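All remarks here apply to the structure that follows.
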Amino acid sequence: MPFASPIRFVCVASPSYLNRAGEPETPDELQHHRCICHRMPSGRLYRWEFERAGQELTIDANGSVVLDDEDLMVEAAVRGLGIAYVANWVAEAALAEGRLRRILAAWMHKAEGVAVYYPGHRAVPPALRAFLDVVRDVRQVK
C-alpha cells in the first residue's frame with residue numbers, strides 16, 4: 001500500500017544576488033555562480049538534477065557555503081550568499097514574501113511522489129505499522 005506526496009525542487013536566489021551576479025539561463029551557467037551546496041548525511045555533496053525536453057543534466061554545484069540543513073540553505077540564499085537548490089516547501093514562505101526568486105524553472109524536474117512500499121502479504125512489523133499510521137494521519141490533516 002503506497003502513500004505519496006509530491007516533492008518538487010527549486011533553484012532560488014535573492015533579488016540582491018541576482019542583481020549583482022545576473023540570472024543563469026541554463027544549468028551550465030551555474031559554474032559561474034556561487035552555489036549553496038548541500039552536504040548529505042553520508043558526507044557527499046548533493047548533485048543538482050535538471051531536466052528539460054527529455055534532456056537530463058546533473059551538476060556538481062560549486063560554492064564556498066556548504067550546509068546540511070535546507071532551512072539554513074534558504075536563509076543563506078535570502079542573505080544573498082548564492083543560489084540554493086531545495087525542496088519547494090522549504091522555500092515557499094521566502095518566495096511568497098519576495099525574499100527569494102525561482103530561477104531555472106524551465107529546467108526543474110516535475111513533481112515527484114514519495115512512496116512507502118512494503119510487502120502486503122506478510123505481517124507488518126509494529127514499528128513499520130506505527131510509521132505508516134503517522135504518515136496516513138499527516139496526509140489526512142492536509
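The values are calculated or read from the model by the stated rules, or taken from the named source; none is laboratory data. Only a predicted model underlies this, so the values are computations on that prediction, with no experimental measurement involved. Quick reminder, even Gly has a Cβ in these numbers, built from the backbone with ideal geometry, and neighbours come from all protein chains shown. We work out accessible area using only protein heavy atoms, side chains counted, and drop any ligands, DNA or RNA first. Shrake-Rupley method; radii C 1.70, N 1.55, O 1.52, S 1.80 Å.
Residues of segment 25-67 that are more than 17 Å from Leu81 (Cβ to Cβ) and assigned to a strand (DSSP E or B): Glu49, Phe50, Glu51, Arg52, Gln55, Glu56, Leu57, Thr58, Ile59.
Scanning segment 68-86 for residues that are over 14 Å from Leu104 (Cβ atoms), open to solvent by less than 50 Å² (accessible area, probe 1.4 Å) and either of a type outside the set (D, E, K, R) or part of a loop (DSSP other than H, G, I, E, B) (or both) yields Met73, Val74, Ala76, Val78, Gly80. Checked against (1) over 30 Å from Val135 (Cα atoms); (2) open to solvent by less than 40 Å² (accessible area, probe 1.4 Å); (3) modelled with pLDDT of 95 or more, Ile59 meets all criteria but (3).
Within segment 112-142, which residues are in a loop (DSSP other than H, G, I, E, B), over 30 Å from Phe50 (Cβ atoms) and modelled with pLDDT under 75? Within segment 112-142, Tyr118, Pro119, Gly120, His121, Arg122 meet the criteria.
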